[in-house]
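A.B. asks: Please see the structure below; I have some questions.
Taken together, the values in this text are just the output of simple stated rules run on the coordinates, not laboratory data. What you are looking at is a predicted structure, and each value in this text was computed from that prediction instead of being measured. Don't worry about glycine lacking a Cβ; one is built from the backbone with ideal geometry, like all the others, and counts go over all protein chains shown.
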């Protein structure tokens, strides 16, 4: 864990390399392409970038089925390109965080290939096997992507576990050699200038060792917190030795565990990415109502107060675009994009921006199954249509929830393919940009990009908005999200109408405040108790109400 607290005053930016910028005219984004955009990121005001997986891969799950943890996939460049990229980021005073998928490798990884061909190989125990017969699963455990979590290998005459795709066999973290390999990989990248790591899927590392049937087949066999601690402890020395900034991806984590894992003295992480505010996979409740969002996010804000630090995010490479999920991309795309920015960005914690979010990009609006590249989306389409669900219904669901919604390329200019490439991209551009692009947004003082720049400047220049306490003002409705940030008598108020209807602010007096930032016209009445649909306001309070 990092000794210095620089990350508490920082803004992060996640880059999905495939879709950021193509420099070699093959339709796929690459590391040299990222390097050409460092000035843009510096201008935006970010302090660190998180690079999604760029390793050689079996290409089953968009790079998260790794075949070599210590190399760069040829489509993205070379290790020398990576070294130059890190040096360029550091010259711009931007730190570099990389993904490390801990739970599984690709089935094409040399470790797994050795495990298949020789059951006496030490690599056989790098994975999780059960003796069984072809077509007979050892238990009822299911893959996250559907179907059995076990695949029988005729070569090994046993079944191997894969929490995700068949091409992503789970590593056996019970084996000390696996933990040593991952520690050595961390050191290898730290030696090449990497400042931090996002440890992917840490809640999946520990599996039930009785291999019994479970009540929740997709989730009930992983997540043994006590056992996970032992695995994370094995990585802690190398992370501390390199003063690494450590982000844990931990969906489903409870507050007590989060507090322990984020404890500066005894924990393992500086930040945790938890997903309590994201319910896009739920069919009956595709997103949380505003009242539930207030409750959920306030739980994390207050639960970590004085103990740990929140990671603030509303988008990443696995989620739909925020303006389509939380906001209104049909009637208020740009207004709701700014409202959502103000809403989450000024809470207590380190904000993350996912590429294109700062432009207000919406979902891709794909209309054909052939447009999807994501394994999860393709499997969902196959499974649902095979079960008799109409194709149109399945496509509607994918248009809302597919991970590909966030993976379409950024539009940099008005040129063909949005200036991302001069070649047809690896995935369709989609309609998410709404016709806007970075070049246009840079010159629009009222655009979403400019709004994010203002938020970043405020977050960094006002101590209260960084380290001040978060206090929810519960408006007892399903429209407004209102909270205060306070520090040593300095008070700021965030008011956001997260609905398509006018809301009122009768619960607090706006006459004792100064409007600092809004997503509405500059001549809007800052004391007006009626808040327009998707209107957001930031006030500096002259005194507590």
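A.B. asks: Starting with the highest mean, order 373-381, 177-185, 62-70 by the number of other Cβ atoms within 10 Å, averaged over the residues of each peptide. Write out the running numbers ahead of the final one.
C.D. replies: Numbers: 373-381: 19.4, 177-185: 16.4, 62-70: 21.1.
Most protected by this proxy first, the peptides run 62-70, 373-381, 177-185.
A.B. asks: Can you sort 166, 249, 528 from fewest to most other Cβ atoms within 10 Å of each residue's own Cβ?
C.D. replies: Working: 166 17, 249 23, 528 14.
Neighbour counts put them in this order, fewest first: 528, 166, 249.
A.B. asks: Pairs of alpha-carbon atoms within less than 8 angstrom and 6+ residues apart define the contacts here; what relative contact order does the chain have, in percent?
C.D. replies: Relative contact order of the chain: 13 percent.
A.B. asks: Given Cα pairs under 8 Å that are at least 6 residues apart, what percent is the relative contact order of the stretch 110-161?
C.D. replies: 34
A.B. asks: When a/c reaches 1.5 or more, the comparison of a/b and b/c decides; with that in mind, is the stretch 110-161 rounded, prolate or oblate per its Cα gyration tensor?
C.D. replies: It comes out prolate by the Cα gyration axes.
A.B. asks: Turning to a different aspect of this structure: With the cut-off at 1.5 for a/c, could you classify the stretch 435-521 from its C-alpha gyration tensor as rounded, prolate or oblate?
C.D. replies: The shape class here is oblate.
A.B. asks: Follow-up question, since we're still on this one. For the chain, take the longest principal axis of its alpha carbons; what is the angle in degrees between that and the long axis of helix 79-91, to the nearest 10 within 0 to 90?
C.D. replies: That helix lies at roughly 20 degrees to the long axis.
A.B. asks: Below 8 Å between Cα atoms, with a sequence gap of 6+, how large is the relative contact order for the stretch 14-142 in percent? Walk me through the numbers before you get to the answer.
C.D. replies: Numbers: 186 pairs, mean separation 27.0, N = 129.
Across the stretch 14-142, relative contact order equals 21 percent.
A.B. asks: Fewest first, what order do 59, 22 take by the number of other Cβ atoms within 10 Å?
C.D. replies: Numbers: 59 16, 22 25.
Ranked by crowding around the Cβ, least crowded first: 59, 22.
A.B. asks: Is the shape of the stretch 293-446 best called rounded, prolate or oblate, per the rule: a/c under 1.5 gives rounded, else a/b larger than b/c gives prolate, else oblate, with a ≥ b ≥ c the square roots of the Cα gyration tensor eigenvalues?
C.D. replies: On the way: a/c = 2.13, a/b = 1.23, b/c = 1.73.
Cα axes put the stretch 293-446 in the oblate bin.
A.B. asks: Antiparallel DSSP bridges in the chain: what percent, to the nearest 5?
C.D. replies: Working: 37 of 62 bridges.
In the chain, DSSP labels about 60 percent of beta bridges as antiparallel.
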